[in-house]
Number of protein chains: 4
Amino acid sequence: MKDTLILIECDDQVGLVALIAKIVAKHQLNITAMREFVDQTAARFFARIECKGDLPHPDMLKEELYDLLPSASRVLINPSTLKRIVVMVTKEHHCLADILVRDFFNTLGAKVDAVIGNYDDLRIFTEKFNVPYYFIDHYNQSKEDYEEEIAKVIDLYQPDYIILAKYMRILSPEMVERFQGKLINIHHSFLPAFVGANPYRQAFERGVKLIGATAHFVTDDLDEGPIIVQQTIPVNHTFNVIDKVKSGKEIEKAVLSKALQLLVEDRVFVSGNKTIVFE
Amino acid sequence: MKDTLILIECDDQVGLVALIAKIVAKHQLNITAMREFVDQTAARFFARIECKGDLPHPDMLKEELYDLLPSASRVLINPSTLKRIVVMVTKEHHCLADILVRDFFNTLGAKVDAVIGNYDDLRIFTEKFNVPYYFIDHYNQSKEDYEEEIAKVIDLYQPDYIILAKYMRILSPEMVERFQGKLINIHHSFLPAFVGANPYRQAFERGVKLIGATAHFVTDDLDEGPIIVQQTIPVNHTFNVIDKVKSGKEIEKAVLSKALQLLVEDRVFVSGNKTIVFE
Amino acid sequence: MKDTLILIECDDQVGLVALIAKIVAKHQLNITAMREFVDQTAARFFARIECKGDLPHPDMLKEELYDLLPSASRVLINPSTLKRIVVMVTKEHHCLADILVRDFFNTLGAKVDAVIGNYDDLRIFTEKFNVPYYFIDHYNQSKEDYEEEIAKVIDLYQPDYIILAKYMRILSPEMVERFQGKLINIHHSFLPAFVGANPYRQAFERGVKLIGATAHFVTDDLDEGPIIVQQTIPVNHTFNVIDKVKSGKEIEKAVLSKALQLLVEDRVFVSGNKTIVFE
Amino acid sequence: MKDTLILIECDDQVGLVALIAKIVAKHQLNITAMREFVDQTAARFFARIECKGDLPHPDMLKEELYDLLPSASRVLINPSTLKRIVVMVTKEHHCLADILVRDFFNTLGAKVDAVIGNYDDLRIFTEKFNVPYYFIDHYNQSKEDYEEEIAKVIDLYQPDYIILAKYMRILSPEMVERFQGKLINIHHSFLPAFVGANPYRQAFERGVKLIGATAHFVTDDLDEGPIIVQQTIPVNHTFNVIDKVKSGKEIEKAVLSKALQLLVEDRVFVSGNKTIVFE
């Protein structure tokens, strides 16, 4: 028997689980693992339903669900089992390399369609894995033209997600709007947060004992948007600024990798500026 | 509106979620957070359902569920909101103290009815919190008589759980049988496991870098039974045997505390020799 | 043979370790564990030296060291083996209770001389452990008078450290100056930091996945000063504001406990706004 | 000014630090970070000394130290700043890939000279990074001949360390003897340890909540020998055997990576069956 995955979100009302489960049962699917959560602030319903059973007519199930669910609903049945992603980079390799290696050995749970860099530094590494590398220079052209060039490459591949794997330029609100819900960013941070120039130096001078990293959806601001994963790594007084940067990269890599895993396994829903993560 | 919690386990079959959710909806309850899992090896179904809504007739809901669920089912509606526990100890205070302090400040999510010790060492501390302390001496009487005395105290309180908080004697199979599903134990362990006498010394000699602790239901063997929580704490070469014992106590305390929290929030189900923990 | 602990800090120069070790050897002490670190930004030398051997004349060793060390030096030989502390609280019990229990069972590595509260809420609990509780009301008197009253209690005990165990008032610069290097504070924080009112609500609305806690020396600002320990605890979308507060308390308790352990084992040095922690 | 690193181990005696530091000071080196530890069970002294200062005659310093240190001493001055390693593999790529990527971007702190596989599966990936791959088949020849072939390749490169990166065959005592102190292995484990066939299935059936990994020196038995690093990763009831294997690989990769970092930074000493790790 095959596995079927059903993802549902919609406005909340009494009886939704009964309604959904009845339709699912009608199709002879056995629910083996179900997570449901209502974001009560937003009165919004989210469910991730794993089933066993053959499903000859997924479209029929989908249609029946749409017919009965309340407004603003979204239903996915067996969402693309192999998500496709485009990775955007600048010069740092650590996150990209982790993604490309997992892609090469088919353990990413996704397929990397292309890498876009605003520098050419990571081309050689990327092409080792037979992944096309697009070097799009942000010099000598307007931001508008520059981003249009990027958008064209993305449109070419129609990816499920665009991973900003240490892409160090701020996307315009138009780009964020255009690829809404698909842009994932990773960045490090500290407790407390250090604003202004050179946060690593400030963190060094304060002697922080932790470096954190956050993977999140991109909204209008580079470091904001619904958080998917956060983790920290310990540092100590023997770490100079360079050592701290190195630790920061390790935790960025680990956190982005975990976020990607959750995304490709369809465990992440967005509700306002929060995520619901059915881990 | 009030919260209602429904716990269900039964043999698995197609359509269980639909069946359950339909009855729940009939009672005008809105499911706000639901976890469901089928242990496919055992063909056994588990669900934890949080709802919003007034429930004037919980017994009716319960009866309706029992009527329709397949064999070997167990249904709990709003299980005792304040679990009662009996704690068993020997001489070490670290786990007991954590429990008694939380109990005193009403943050345990349970009520400690009594403490039973096979030594009298922890009486003074226990009685500070107005909790009765039963010193039951294992010397000068048969194991049978000794355990019968313990069982009588337990029977007096009819607790939901009996916490072996560093109780250092092995319970007879009869005792385990008698209080099946209620006995919780905590113990430390290492990677690799060291069998035989004085595992801390062996761990020291091997230079382990981690000490772990495991909280679990007690079955017929003291250190076996379904695992509820496991965590580890780092140690290093500067730790002598005494330091390692100290770290072991810290992690035992933390793990037992977490296990108790999961138990009192009704997040733990047992399936064969495994637990399903809806964290 | 006994253990001797030597702590040294002074301005850095070539040959300091040789100079110190020569004197130590002259006294027939065998160095069993030594940590040395130079904060190169500050050109400041720090050492923690554990030795084996009888030391009939500790004062002579101390004098010899002071004679030879460069300016701004500080030498401690076997610093009070049982530090004494005063704890300041407001209404929250979690950090205080952990300290009092360890104190009661002599596992704190320090002795709690007194508890000062700006409310009377924690008196009953404190007095269970035969520790004096001073309720000093901040209403109906000037901040100056209020703090003078506190200072008098502290002066009465001359503690090694004053632990702000969720003491929720900001100390005046005069108080911080007066007890410089002795004031330890604990507070939670988030990634990113949320400024303004009700950070827990903001963290909830942003859906953070971690809550952190920081134990630090108090300088002129309540949440600044050299950091001793930082750790984080995971949270998820099912945690409401109350659950997040509860997790915040758990991690505050754990971090303050760890910081105290490092302090009483004389493992923490301050260099400017950083700490050197010889863990 | 340059950095100089001095590593010393020898039998313990009073005055060693003074003796060593005096010679170091004579060479006008300023000790900026020093770790010293005496394994009192073995009466063995270990020190790692970081200095600032030009050292025109490292051999003279070395000779002077050897002249004065007690028996069984080992002195290293600026040990090869770029360690060279040979990696041995079978079919699993996760540890190898992490090493090769770090090697490619010069962040390993070591140079990978060659990869030896008892299968040819990882050749294509390895050769992408211009690292020679030696496929040495263990079929159709005696274990003696097979290992002799491996030893010849290793001898060709004279590596500092031989990393068994999921090399799944047991080395003969002769091989372990021949490359003593250079062989590093990684393996997963559980709390409790599961002996016998298919530990992952046993761990699944028991419902463990953690998977650990251990990196260690190889002595006569594959999974024994001084432990360098141990860490764990959480798992839960939703993880089937395949998911657990996947988590096991992630933690093996992380732990081996950390162990390699400690080794190439010369932070690991061996004392009997333990390590001293100056982190």
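The values are calculated or read from the model by the stated rules, or taken from the named source; none is laboratory data. Treat the numbers as computed from the prediction; the structure is a model and nothing was measured. Every residue, glycine among them, receives a Cβ derived from its backbone with ideal geometry; neighbour counts consider all protein chains shown. In case anyone asks, the SASA skips ligands and DNA or RNA and just uses the protein heavy atoms, side chains included. Shrake-Rupley method; radii C 1.70, N 1.55, O 1.52, S 1.80 Å.
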- Query: Among the residues of region B:208-235, which ones are buried (at least 21 other Cβ atoms within 10 Å of the Cβ), among the hydrophobic types (A, V, I, L, M, F, W, C) and not in a loop (DSSP other than H, G, I, E, B)?
  - Reply: B:LEU210, B:ILE211, B:ALA213, B:ALA215, B:PHE217, B:ILE227, B:ILE228, B:VAL229
- Note on the structure: Within region A:126-143, the count of residues that are farther than 22 Å from A:PHE104 by Cβ, touching a residue at least 12 places away in the same chain (Cβ under 8 Å) and open to solvent by 70 Å² or more (accessible area, probe 1.4 Å) comes to 1
- Message: Considering only residues that are part of a loop (DSSP other than H, G, I, E, B) and either under 18 Å from B:ARG35 (Cβ atoms) or facing chain B (nearest Cβ under 8 Å) (or both), which ones fall in region A:27-51?
- Response: A:GLN28, A:LEU29, A:GLN40
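Inside region B:251-279, can you point out the residues that are in a helix (DSSP H, G or I) and open to solvent by less than 30 Å² (accessible area, probe 1.4 Å)?
B:ILE251, B:GLU252, B:VAL255, B:LEU256, B:SER257, B:ALA259, B:LEU260, B:LEU262, B:LEU263, B:VAL264
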- Going through (1) in contact with a Gly (Cβ under 7 Å, 6 or more places away or on another chain); (2) outside any loop (DSSP other than H, G, I, E, B); (3) more than 10 Å from chain B (Cβ to nearest Cβ) one by one, D:GLY248 fails only at (1)
- For region D:208-230, how many residues meet the condition of being touching a strand residue (DSSP E or B) at 6+ places or on another chain (Cβ under 6 Å), facing another protein chain (nearest Cβ under 9 Å) and not β-branched (Val, Ile, Thr)? 7
- Answer yes or no as to whether C:LYS91 is of a type in the set (D, E, K, R), away from chain B (no Cβ under 14 Å) and within 22 Å of the chain's Cα centre (by Cα). no
- Among (1) farther than 28 Å from A:PRO234 by Cα; (2) in a loop (DSSP other than H, G, I, E, B); (3) among the aromatic types (Phe, Trp, Tyr), the one test that B:PHE239 misses: (1)
- Task: Take the residues in region D:154-184 that are among the polar types (S, T, N, Q) and open to solvent by 60 Å² or more (accessible area, probe 1.4 Å), then tell me which one is farthest from the other protein chains (Cβ to nearest Cβ).
- Result: D:GLN158
- Quick one: would you say D:ILE242 is away from every other protein chain (no Cβ under 11 Å), surrounded by fewer than 22 Cβ atoms within 10 Å (Cβ to Cβ) and among the aliphatic types (A, V, I, L, M)? yes
- Query: Of the residues B:PRO58, B:PRO70, which single one is in contact with a Ser or Thr (Cβ under 9 Å, 6 or more places away or on another chain) and either away from chain C (no Cβ under 14 Å) or touching a residue at least 60 places away in the same chain (Cβ under 8 Å) (or both)?
  - Reply: B:PRO58
- Task: Confirm whether A:GLU205 is in a helix (DSSP H, G or I), within 27 Å of A:ILE136 (Cβ to Cβ) and either open to solvent by 50 Å² or more (accessible area, probe 1.4 Å) or more than 10 Å from chain C (Cβ to nearest Cβ) (or both).
- Result: no
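Yes or no: D:GLU147 acidic (Asp, Glu) and surrounded by fewer than 16 Cβ atoms within 10 Å (Cβ to Cβ)?
no
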- Item | Contacts under 7 angstrom Cβ, first residue in region C:144-172 being closer than 23 Å to C:ALA259 by Cα and in contact (Cβ under 8 Å) with a residue 24 or more places away in the chain, partner of a type in the set (S, T, N, Q) and loosely packed, with under 14 Cβ neighbours inside 10 Å, 6 or more apart | C:ASP160/C:SER80
- Restricting attention to region B:100-125, and to residues there that are part of a loop (DSSP other than H, G, I, E, B) and under 21 Å from the mean Cα position of the chain (by Cα), which single residue is surrounded by the fewest Cβ atoms within 10 Å (Cβ to Cβ)? B:ASN106
- Message: Looking only at region A:7-19, how many residues end up being out of contact with any Asp or Glu (no Cβ under 7 Å at 6 or more places or on another chain) and either open to solvent by 10 Å² or more (accessible area, probe 1.4 Å) or at the interface with chain B (Cβ under 8 Å from one of its Cβ atoms) (or both)?
- Response: 9
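Name the residue, out of B:PHE125, B:PHE105, B:PHE129, that is among the aromatic types (Phe, Trp, Tyr) and under 30 Å from A:GLN40 (Cβ atoms). Before the answer, list the steps.
Working: B:PHE125 fails: under 30 Å from A:GLN40 (Cβ atoms); B:PHE129 fails: under 30 Å from A:GLN40 (Cβ atoms).
Checking each option against the conditions leaves just B:PHE105.
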- In region D:41-78, residues that are of a type in the set (Gly, Ala, Ser) and open to solvent by 90 Å² or more (accessible area, probe 1.4 Å) total 0
- Task: Within region B:185-200, track down each residue that is out of contact with any strand residue (DSSP E or B) (no Cβ under 8 Å at 6 or more places or on another chain) and either facing chain D (nearest Cβ under 8 Å) or part of a loop (DSSP other than H, G, I, E, B) (or both).
- Result: B:ALA193, B:PHE194, B:VAL195, B:GLY196, B:ALA197, B:ASN198
